[in-house]
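Working notes for the structure below.
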Amino acid sequence: MEERLASLEAKVEGIADLRRDMTDLRRDMNARFSELISDVNGRFAEVNGRITELRDDVNRRIGALDAKVDRHFVWLMGLMVTGLGIMVTGFITVIGALVGIR
């Protein structure tokens, strides 16, 4: 009877040790999972910051390109108006010369 009791006590102690080990394992897993989540959140924040920098850089470059296109358009329109003025002046001069020949 005492042997059976000793065997049962050993099994109960084994179960208690197993429970303690499982509790420790659960605590370790929770700590590691929390650490992993924290690391992932940090990396997402870093990527988000890089994306924000990239977006700001692209917006700045598009703004500079837009200003350059506007400048070139104004310059081109000025050339066209000047060229048109020269053509009209030349046309008037030719007509005046033709009228003066008669």
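A short reminder: the numbers here are calculations on the coordinates, not readings from a lab. This one's a predicted model, so the numbers in the text were calculated from it and none came from an experiment. Methodologically, a virtual Cβ is constructed for each residue, glycine included, from the backbone with ideal geometry; neighbour enumeration extends over all protein chains shown.
Could you tell me whether the stretch 66-85 includes any residue that is within 16 Å of the chain's Cα centre (by Cα) and surrounded by 10 or more Cβ atoms within 10 Å (Cβ to Cβ)?
no
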Determine which member of the set L98, L54 is without any contact (Cβ under 8 Å) to a residue 12 or more places away in the chain, exposed (fewer than 10 other Cβ atoms within 10 Å of the Cβ) and among the hydrophobic types (A, V, I, L, M, F, W, C). L98
Taking R4 as the residue in question, decide whether it is basic (K, R), loosely packed, with under 10 Cβ neighbours inside 10 Å and assigned to a helix (DSSP H, G or I). yes
